[in-house]
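Following: one structure in C-alpha cells, then a few remarks.
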Amino acid sequence: MAGANDPPGISLREATQRKLRKFSELRGKPVAAGEFWDIVAITAADEKQELAYKQQLSEKLKKKELPLGVQYHVFVDPAGAKIGNGGSTFCALQYLEKLYGDKWNSFTILLIHSGGYSQRLPNASALGKIFTALPFGNPIYQMLELKLAMYIDFPSHMNPGILVTCADDIELYSIGESEFIRFDKPGFTALAHPSSLTVGTTHGVFVLEPSNCLEYRDLEYRCCHRFLHKPSVESMCLCNAVCRSGNFSQQDLSGGDIASFKFESEYVYTDSLFYMDHKSAKKLLAFYEKIGTLNCEIDAYGDFLQALGPGATVEYTRNTSNVTKEETELVDMRQRIFHLLKGTPLNVVVLNNSKFYHIGTTEEYLCHFTSASSLKSELGLQSIAFSISPAIPECFGTTPCIIQSILDSRCSVSPGSVVEYSRLGPDVSVGENCIISGSSIITTAVLPAYSFVCSLSLKMNGHLKYSTMAFGVQDNLKRNVKILSDIKSLQFFGICFLSCLDIWNLKVTEELFSGNKTCLSLWNARIFPVCTSLNDSVTTSIKMLNAVQSKSAFSLNDYKLLSIEEMLAYKDVEDMITYREKIFLEITLNRKL
C-alpha cells in the first residue's frame with residue numbers, strides 16, 4: 001500500500017488498482033444491501049440506442065460481468081427536440097418516479113449520461129460510449145465496468161440521492177486509507193480536481209469559499225461560492241477562481257486532459273461528476289412535470305450548477321456562446337431553472353491528488369491507449385488485451401493496442417494504432433495512428449496511416465448486410481455546411497470532399513446526403529457501400545481510402561450507398577454482439593490449448 005509520503009503517481013495507481021480489485025470481487029455475485037448502487041441508469045438518445053443498450057446490459061448480466069441484485073435501467077429521451085444531458089436528467093427522474101413511486105427516496109442511484117452519437121469517436125457510435133472497450137481485463141472491461149469500479153466506495157457513504165456522470169470520462173483519485181468521500185450534505189455536492197487555467201476554459205470551474213485550513217490534504221470538504229461554466233481566463237481571475245501554488249509545489253495537478261500537466265504557479269479547480277440529494281431531485285422533477293415538454297438543450301452542469309451557491313447570478317442565462325443551437329426558449333428556461341435552484345448549497349469535495357481524463361475523441365483514444373500515458377500506468381492498460389496477436393513493436397514509447405482481436409502472426413500493425421473486436425489476416429498492413437473496429441480483413445490490404453475503419457452489421461428488408469465507415473482519424477464529421485455549393489469546404493482524409501467525390505465518380509446532388517438537407521456533413525454523406533459479407537465491406541471501403549490517397553479512380557456507382565447516420569438507423573446490434581462473442585470464444589479456446 002502506498003504510504004503518505006509516496007509520490008502522487010504511485011498512490012494514485014495503488015488506489016485505482018484497489019478499486020478495480022474490489023469491483024472484480026463483486027462481478028457476477030449478488031450484492032449486500034448498502035454495498036453497491038440500488039439503481040444504475042444509463043440515458044439513451046432514442047429508441048434504437050435504448051434497444052442497443054438494453055441488449056448489451058442483458059448480455060453482461062447473463063455472462064456475470066456486472067454485480068447482481070442491482071436494478072439496471074436504460075432511460076430514453078422523448079422523441080423531438082434535442083434536450084441535452086440536463087433534459088435527460090429531468091426525464092430520468094420522471095422514469096424513476098413512475099417505476100418506484102415513493103420508494104426511490106431511499107435509493108442510491110448512479111445516472112450515466114450516454115445519449116450522444118459519439119461523432120468525434122465513431123467506433124463508439126453504434127453500441128454507445130458507455131460500452132467503449134478498454135485494453136485490460138478478462139472479460140475486457142468497457143467504460144461501464146470502469147465507472148462502476150472507480151465509484152465502488154461511494155454508495156456506502158452516500159445519503160439517498162443521485163450521482164450524475166458522463167459516459168466518456170474517467171476520474172481517478174487517491175485519499176488517506178481511513179478517509180472516504182461522503183455525499184451526505186443537503187443540496188448538491190461535486191468533485192473538484194486541480195487543473196491548469198487552460199483546462200479550466202473547457203470545463204466547469206469552482207469559485208471556492210476561503211478555507212480556514214492551512215495544511216495541504218488530498219481530501220478537503222469546501223463550500224462553493226459560485227460555479228463558472230467554460231469561463232475565459234480573464235473571467236476566472238475576476239471571479240477569484242484562480243489559486244496560487246503556495247505550499248503545493250510538489251503536487252501534480254489534474255492532467256488527464258493534457259498529457260501530464262505538471263505543477264504551475266496558478267491553477268483552478270474543475271468539475272467532473274456531481275451528486276444531488278433526494279430533496280433537490282424531487283424539486284427538479286416537480287419543475288419538469290409542471291413545464292410538460294422541453295424544447296431546448298439544457299446542460300446538467302452549465303444550467304444546474306451555475307444556479308447554485310451564494311454568489312450565483314442570473315447573468316449566465318443570457319450567455320449562449322457555448323450553445324450548439326440557440327433555441328428561442330433557452331434563455332427563459334435557464335432563468336426559470338436559476339430561480340428554482342437559487343439558494344441551494346453547492347458543496348465541493350476537493351481531490352488534490354486526482355486526475356480527470358476524457359476519452360471522447362479519436363485523438364484522446366489513440367493517445368491514452370497507445371502512448372506511455374499516465375492513464376496507461378494508473379489503470380494497468382495493456383498493449384495486447386485478451387487477444388491472439390504477434391509480438392508488437394514499440395517506437396519512442398508508442399505501441400499498437402490490440403483489444404479482443406485475432407491477428408495472424410504475419411500481419412503488421414504500426415505503433416500508435418488501435419485494433420478492437422477485429423480479425424486481421426496475414427497480408428494486412430496497418431499504418432500508424434489508425435483505428436480498426438469490428439472488422440474482418442482476410443485479403444491483402446494496406447491501410448494508410450491515420451485511417452479510421454469501423455464495420456457495422458445492418459438489417460435491411462429482413463436481410464443481413466454490412467457497411468464499413470472509413471475516413472481519416474482527424475476528419476471532422478460534425479462540421480457542416482448549409483448548401484451544396486459549400487461542400488468544397490468539407491475535408492475527407494485531409495482532401496477537399498469535392499475532389500473525393502470526383503475520384504469515386506459520385507455526383508453532387510441533394511440525394512448525396514441523408515436527413516436534414518440544410519446540414520450537410522461527412523456524417524450524413526451517402527458514400528459508404530453496402531455489401532453482403534463483412535470482409536467485402538471492409539475491403540471495398542479500404543479501396544475508397546486508398547483511391548483518395550493515390551488520387552486514382554474508384555467508382556462507387558454500382559453500390560448502394562449509406563451515410564453513417566443511416567448505418568446507425570439500420571444497425572443490427574445482435575449480429576455485432578454475436579461477432580464479438582465468436583472472437584471471444586476463439587481466443588478463450590486458444591488460451592486453453
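Assorted remarks:
- Peptides 38-44, 452-458, 586-592, 340-346 ordered by average Cβ neighbours within 10 Å, highest first: 452-458, 38-44, 340-346, 586-592
- In this structure Ile495 has an accessible area near 30 Å², from a 1.4 Å probe over the protein heavy atoms.
- Cβ-defined net charge surrounding Ser383, 10 Å radius [Lys, Arg +1; Asp, Glu -1]: 0
- ³J(HN,Hα) computed for each position of the stretch 221-233 - Karplus, 6.51 cos²θ - 1.76 cosθ + 1.60, integer Hz, glycine/proline x: 9, 10, 9, 9, 6, 7, 10, 10, 9, 6, x, 6, 4
- Asp184-Asn461 pseudo-label distance in nm [points 7 Å out on the Cα-to-Cβ vector]: 6.4
- Protein accessible area in the stretch 488-545, 1.4 Å probe - carbon and sulfur %: 53
- Computed magnitude of the charge dipole of the chain (debye, nearest 20; Cβ of K, R +1, Cβ of D, E -1): 760
- Taken about its Cα centre, the stretch 396-545 carries a charge dipole of roughly 360 debye when the Cβ of each Lys and Arg holds +1 and the Cβ of each Asp and Glu holds -1.
- Packing, as the average of other Cβ atoms within 10 Å across residues, places the peptides 310-317, 433-440, 543-550 in the order 433-440, 543-550, 310-317, highest first.
- The residue list Ile487, Phe396, Cys223 was ranked by how far each Cα lies along the charge dipole of the chain toward its positive end, using unit charges on Cβ atoms, and Ile487 comes out on top.
- Net charge, Thr132 excluded, C-beta distance under 10 Å - Lys, Arg +1, Asp, Glu -1: -1
- ³J(HN,Hα), Karplus 6.51/-1.76/1.60, whole Hz, each residue of the stretch 193-205, x for Gly, Pro: 10, x, 9, 5, 5, 5, 4, x, 5, 10, 9, x, 10
- Beta bridges by DSSP in the chain, antiparallel share as percent, to the nearest 5: 55
- Taking a Cβ cut-off of under 15 Å around Pro345, the surrounding Lys, Arg, Asp and Glu residues balance to a net charge of +4, with basic ones at +1 and acidic ones at -1.
- Applying a DSSP loop filter and a limit of 15 other Cβ atoms within 10 Å to the GluC sites (Glu not before Pro) in the stretch 338-397 leaves Glu394.
- The mean accessible area for residues of the chain, using a 1.4 Å probe and ignoring ligands and nucleic acids, is 40 Å² per residue.
- What the Cβ-Cβ distance of Asp502 and Ser211 gives, at R0 = 41 Å and to the nearest 0.05, is a FRET efficiency of 0.05.
- For the chain, the residue among Thr509, Tyr288, Thr89 whose Cα projects farthest onto the positive side of the dipole built from Cβ charges is Thr509.
- Spin-label model distance (nm) - Ile10 vs Cys239, 7 Å beyond Cα toward Cβ: 3.9
- Subtracting the Cα-Cα distance of Ser555 and Leu589 from 0.36 nm times their residue separation leaves 8.1 nm of extension gain.
- The residue list Ala149, Gly161, Ser125 was ranked by how far each Cα lies along the charge dipole of the stretch 109-241 toward its positive end, using unit charges on Cβ atoms, and Ser125 comes out on top.
- For the stretch 325-399, size of Cβ-based charge dipole, Lys and Arg +1, Asp and Glu -1, in debye: 280
- Residues His339 and Ser106, FRET efficiency given R0 of 30 Å [Cβ-Cβ distance, rounded to 0.05]: 0.55
- FRET E, pair Glu363, Glu329, Förster distance 35 Å, beta-carbon r, rounded to 0.05: 0.50
The values are calculated or read from the model by the stated rules, or taken from the named source; none is laboratory data. None of these values were measured; they are calculated from a predicted model. Reconstructed Cβ throughout: ideal geometry from the backbone, glycine too, with neighbour counts over all protein chains shown. Remember, those area values only see protein heavy atoms, side chains included, never the ligands or the DNA or RNA. Shrake-Rupley method; radii C 1.70, N 1.55, O 1.52, S 1.80 Å.
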